Amino acid sequence: TAVISYDYLTSLRSVPYGSEEYLALRSKIHDLFMSFDDTPLGAASLAQVHKAVLHDGRTVAVKVQHPKVQAQSSKDILLMEVLVLAVKQLFPDFEFMWLVDEAKKNLPLELDFLNEGRNAEKVAQMLKHFDFLKVPQIYWELSTKRVLLMEFVDGGQVNDRDYMERNKIDVNEISRHLGKMYSEMIFVNGFVHCDPHPGNVLVRKHPGTGKAEIILLDHGLYQVLTEEFRLDYCHLWQSLIWTDMKRVEEYSQRLGAGDLYPLFACMLTARSWDSVNRGISQAPVTATEDAEIRNNAANYLPQISQLLNHVPRQMLLIFKTNDLLRGIEAALGTRASASSFLNMSRCCIRALAEHKKKNTCSFFRRTQISFGEAFSLWQISLHELMLRVKGLKLPSWAMALLCWLFPAPH
């Protein structure tokens with residue numbers, strides 16, 4: 001950080017403001033842009049973003065990598081590796097080499113802005129059926145590995161309730177859209193945007209239609225899930241949602257949790273083991289449960305470290321993504337809603353049915369699978385309807401009749 005900051009502060013010190021050399025440097029920018037805002041819209045550890053206008057009138061966001069980040073990154077990883085080995089010597093119970101392995105794999109990808117542009121176009125195509133999602137267009141003619149030009153799209157951060165209230169955007173609708181989008185990425189496509197912190201997820205009202213829209217930014221960090229992992233993960237979440245504890249144990253162990261499967265289930269859901277057993281879609285999150293999880297986390301640090309070292313590497317960024325999404329839900333006050341779990345279940349059903357159809361040559365069997373898929377999705381829709389009706393506080397006899405007619409799907 002010191003090296004990069006020093007370079008950033010001193011790189012133009014020899015060029016006095018307003019001098020002939022300064023104006024010459026500025027003119028190179030104006031060869032490309034009609035206007036270019038010197039003050040960045042935002043800055044992070046790898047890059048910063050400026051607003052600019054091209055000569056054809058298009059307003060763009062220009063993402064510029066900080067000087068020397070490429071060269072410094074290899075030293076950072078080496079230092080991280082030395083520190084992790086030192087921690088291992090001092091505290092043998094703690095295993096953090098996975099952190100170094102992930103950094104070695106992901107940092108070069110994040111430093112290649114052309115890779116980020118390709119990811120943006122891929123996810124935009126993959127989720128084009130979601131009319132609420134906006135991925136800024138990439139302008140390839142002016143992009144390089146260290147400079148990325150994209151369509152400028154403005155909005156408020158996804159965790160900013162005040163912005164949503166001012167602009168009459170429904171927080172529950174945004175939360176549902178976010179859940180649908182990530183369920184589709186994880187369970188159906190296996191191509192997951194792994195950095196959904198509030199600065200990378202904006203919301204706005206579409207200027208043309210007035211509908212709420214989610215803007216997804218910063219596509220440098222993606223996780224590609226293998227089919228085996230994705231299907232096991234689908235089965236695991238289905239088991240968690242419908243409280244099938246035998247299958248929770250089976251699929252947790254298939255994903256590397258071993259005997260620590262109860263801890264694994266708690267880490268995935270951010271719920272206590274008691275809530276997992278009672279049903280995460282049934283038991284609401286309470287302040288008491290949150291306090292219990294925080295207090296117990298310190299006691300289980302060695303086991304958490306062991307678990308993170310043994311699960312598939314794909315799981316690590318999924319954990320990170322889950323936690324960031326939960327942080328957004330907590331800020332919006334929509335955490336762990338039954339609706340989000342049902343949307344996840346829909347995606348799991350579709351993904352598993354698609355896999356079965358792909359692996360059979362029989363037209364009859366494919367038809368049978370399609371009917372089974374349609375029936376399961378219909379059951380979920382009825383279950384969702386029943387939950388809404390529950391909110392109307394019908395008489396107990398009417399609720400008993402509904403529960404008998406429309407039991408929870410499995």
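The values are calculated or read from the model by the stated rules, or taken from the named source; none is laboratory data. Source: prediction; values computed, not measured. Because the Cβ atoms are built from the backbone with ideal geometry, glycine has one as well, and the counts that use them run over all protein chains shown. Just the protein is used for accessible areas: all its heavy atoms, side chains included, with ligands, DNA and RNA removed. Shrake-Rupley method; radii C 1.70, N 1.55, O 1.52, S 1.80 Å.
Numerical summary
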read-out	value
Complete set of residues in region 133-142 that are closer than 25 Å to residue 69 by Cα and either assigned to a helix (DSSP H, G or I) or open to solvent by 20 Å² or more (accessible area, probe 1.4 Å) (or both)	140, 141, 142
Tabulated pairs, region 369-398, first within 21 Å of residue 341 (Cβ to Cβ), second open to solvent by less than 100 Å² (accessible area, probe 1.4 Å) and modelled with pLDDT under 75, C-beta under 6 angstrom, 6+ apart or interchain	376/409; 379/409; 380/409; 382/406; 383/408; 386/402; 386/406; 387/338
Subset tally (residues that are without any contact (Cβ under 8 Å) to a residue 60 or more places away in the chain and farther than 20 Å from residue 187 by Cβ) for region 121-142	5
Single match in 318, 280 (criterion: out of contact with any Ser or Thr (no Cβ under 9 Å at 6 or more places or on another chain), surrounded by 18 or more Cβ atoms within 10 Å (Cβ to Cβ) and not charged (D, E, K, R))	318
Any helices (runs of 4 or more DSSP H) falling wholly within region 195-301 and containing at least 3 residues that are among the charged types (D, E, K, R)	227-241, 245-254, 287-297
Residues satisfying the stated conditions in region 89-123, i.e. within 19 Å of the chain's Cα centre (by Cα) and of a type in the set (Val, Ile, Thr)	123
Candidates 325, 352, 307, filtered to the one that is within 20 Å of residue 229 (Cβ to Cβ), open to solvent by 20 Å² or more (accessible area, probe 1.4 Å) and out of contact with any Asp or Glu (no Cβ under 9 Å at 6 or more places or on another chain)	325
Test: residue 94 is in contact (Cβ under 8 Å) with a residue 40 or more places away in the chain and closer than 28 Å to residue 173 by Cβ	no
Filter result for the condition that a residue is surrounded by fewer than 17 Cβ atoms within 10 Å (Cβ to Cβ) and assigned to a loop (DSSP other than H, G, I, E, B), over 104, 168, 88	168
Near pairs, Cβ below 8 angstrom, 6+ apart or cross-chain, from region 143-154 (part of a loop (DSSP other than H, G, I, E, B)) to any residue that is of a type in the set (Ser, Thr, Tyr) and open to solvent by 20 Å² or more (accessible area, probe 1.4 Å)	152/59
Residue selected from region 111-132 under the condition basic (Lys, Arg) and either in a helix (DSSP H, G or I) or open to solvent by less than 30 Å² (accessible area, probe 1.4 Å) (or both), by the criterion nearest to residue 212 (Cα to Cα)	122
Qualifying positions in region 247-268 - open to solvent by less than 10 Å² (accessible area, probe 1.4 Å), closer than 18 Å to residue 321 by Cα and free of Cβ contacts under 8 Å to residues at least 40 places away in the same chain	265
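For (1) open to solvent by 10 Å² or more (accessible area, probe 1.4 Å); (2) more than 26 Å from residue 373 (Cβ to Cβ), each residue gets a yes or a no:
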| site | (1), (2) |
| --- | --- |
| 196 | no, yes |
| 208 | yes, yes |
| 212 | yes, yes |
| 217 | yes, yes |
| 224 | yes, no |
| 228 | yes, no |
| 234 | no, no |
| 238 | yes, no |
